[in-house]
Amino acid sequence: MNPHLPKFLFLLLACAAAAGAAEHALKQPRPDLFTGGQPSAQQLRDAARSGVTTVIDLRMPQEDRGYDEAAVAEQLGLRYVRLPIDGAGGISEANARTLDRLLGQDTGTTLLHCASGNRAGALLALAQARVHGAPVDAALQFGRDAGLTSLEPTVRTALEQPPAH
């Protein structure tokens, strides 16, 4: 694990609080994964300096990021991946499996984000249950640890459906 990551997390939490966006502060559901809301360009620079190697953006193309996130990520040498998730309608087993595949391709540390962390947590919870076989309660807790909030009923409904094969 990168020894600078705790410092990175502290810096991002401080930046989010200073910006009045503490509800969008980054979470760390596991050592190689940060999740949260839209990072600023400065937070992306801080992430790159602290060892993040990949950014996965779950926001739809029309969602305003406030800057050209893909260009900044490219300038910083980060792998930038878009997996557009359109709210509750995008919380599906297929998208959870795709996200899990993308996370598995990164040998470093990933920053996974949407606007608030809710979609990130929802897909991670679904992946924990469907891909990794976690019990529903454990999968939902992992999702909450990653930012799952108002999409929890959507995830529960998806988990009540038979698994796709």
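For region 44-64, the set of residues classified as open to solvent by less than 30 Å² (accessible area, probe 1.4 Å) and within 21 Å of Asn118 (Cα to Cα) consists of Leu44, Ala47, Val52, Thr54, Val55, Ile56, Asp57, Leu58, Arg59, listed by residue number.
Contact annotation: residue pairs with Cβ atoms under 8 Å, 6 or more positions apart or on different chains, pairing a residue in region 118-146 that is of a type in the set (Val, Ile, Thr) with a partner that is part of a helix (DSSP H, G or I) and modelled with pLDDT of 95 or more, are Val131/Ala96; Val131/Arg97; Val131/Asp100; Val136/Ala129; Val136/Arg156.
Within region 121-137, the set of residues being within 20 Å of Arg101 (Cα to Cα) and in a helix (DSSP H, G or I) comprises Gly121, Ala122, Leu123, Leu124, Ala125, Leu126, Ala127, Gln128, Ala129, Arg130. When we screen Ala125, Ala73, Ala96 for residues that are more than 19 Å from Arg30 (Cβ to Cβ) and surrounded by 20 or more Cβ atoms within 10 Å (Cβ to Cβ), the only hit is Ala73. In region 124-139, the count of residues that are touching a Pro at 6+ places or on another chain (Cβ under 9 Å) and charged (D, E, K, R) is one or more. When Leu111, Leu140 are screened for being crowded, with 16+ Cβ neighbours inside 10 Å and touching a Phe, Trp or Tyr at 6+ places or on another chain (Cβ under 7 Å), only Leu111 passes. Only residues that are touching a helix residue (DSSP H, G or I) at 6+ places or on another chain (Cβ under 7 Å) and in a loop (DSSP other than H, G, I, E, B): list them for region 138-165, please. Residues satisfying the conditions are Gly147, Leu148, Thr149, Ser150, Leu151, Pro163, Ala164. The set of residues in region 77-93 that are open to solvent by 20 Å² or more (accessible area, probe 1.4 Å) and assigned to a helix (DSSP H, G or I) comprises Gly87, Ala88, Gly89, Glu93.
The values are calculated or read from the model by the stated rules, or taken from the named source; none is laboratory data. Note that the coordinates shown come from a computational prediction; the quantities given were computed from them, not determined experimentally. Because the Cβ atoms are built from the backbone with ideal geometry, glycine has one as well, and the counts that use them run over all protein chains shown. For the accessible areas, the whole protein counts, side chains as well, though only heavy atoms, and no ligand, DNA or RNA atoms are used. Shrake-Rupley method; radii C 1.70, N 1.55, O 1.52, S 1.80 Å.
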